[in-house]
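Trainee: Have a look at the structure that comes next, please.
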Amino acid sequence: MTTQSEDHLSCPICHDIFEDPVILSCSHSFCKACLQIWWLDKPIKQCPVCKTISLQSSQTLCTVHSENLRLFCLDHQEPACVVCRDSAVHINHRFSPINEAAHTHKQELQECLKPLKEKLKLYEEVKGKCVQTAEHISVQTQETEKQIKQQFTRLRQFLQNEEDARIAALKDEEKQKSQKMKVKIETLSRKIADLSGTIRATEREVRAEDISFLHSYKAAVKRVQQLSVLDVPQLVSGLPENSVFVNDDW
């Protein structure tokens, strides 16, 4: 059977001596680990003994003496209870109330945070400029891409117009040359027919009897002489050289 003093020092959950004890706002004390496990699957944090709702422990007990930690040892830089203050461990040590020590240390920590906050501000400023630069790069890239596309659209239109114009000029040249060639071929065909007919008739007369040949000789000579004065046919040029329509530099 446990004594009242043992009950005061034992955790109501594990029934062992307090280990890292905490005290709730309802004044009931528990092992810190036991209380955390107890609350693990509970939707509401209640005291395991009286069911009072407790959001968190209000004080921490001394792990050695199970007394409230009301002092702060300036030499060991740790919380202590009144029993710790009078023990040999803390002989000749300096103490201050826990709230004063917390206030002082909070101010010191706030001072330590100032350089970090300044550095954070600097990092945020640099990051902001980097973000602006990244956005500018993106906008500049999009604008440049748009200009490139516009330039090549105009270039393609220019090349298309140039192609159409050159092909049209080529077709017009072809039409004119073809018409001239057609007239020339027709003229040559007529002259070829005249020459062929005269040659055949003259050759027949040459093969005729002497008297018959001599009767037609003058007429044959006249006919041959008339065709002999025909101009020598000249070759007609075709289309201009490719250099007129094609640029080898492209």
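Trainee: How much net charge surrounds residue 124 when only other residues with a Cβ under 15 Å from its Cβ are counted (Lys, Arg +1; Asp, Glu -1)? Each step should come with its number before you reach the end.
Mentor: Values: positive: 117, 119, 121, 127, 129; negative: 118, 125.
Cβ neighbours under 15 Å give a net charge of +3.
Trainee: How long are the semi-axes of the equivalent ellipsoid of the range 8-57, defined as square roots of 5 times the Cα gyration tensor eigenvalues? Whole Å, largest first.
Mentor: 16, 12, 9
Trainee: Right, something else. I want to verify the translational diffusion coefficient of the range 73-156 in µm²/s; compute it with Stokes-Einstein, Rh as the Kirkwood radius over Cα pairs, at 25 °C and 0.890 mPa s.
Mentor: 132
Trainee: Around residue 112, under 14 Å between beta carbons, what's the net of Lys plus Arg minus Asp minus Glu among the other residues?
Mentor: Numbers: positive: 106, 114, 117, 119; negative: 108, 111, 118.
Residues near residue 112 contribute +1 overall.
Trainee: Also, I was wondering about something else. Would you mind ranking 81, 112 so that the residue whose beta carbon has the fewest other beta carbons within 10 Å leads the list?
Mentor: 112, 81
Trainee: For the range 118-214, what does the alpha-carbon gyration tensor say about shape, rounded, prolate or oblate, given a ≥ b ≥ c as the root eigenvalues, a/c under 1.5 as rounded, and a/b over b/c as prolate?
Mentor: In terms of gyration-tensor shape, prolate.
Read-outs: derived from the displayed coordinates by stated rules, not from any lab. Computed from a prediction, not measured in an experiment: that's the story for all the values here. Note: ideal-geometry Cβ built from the backbone for every residue, glycine included; neighbour counts use all protein chains shown.
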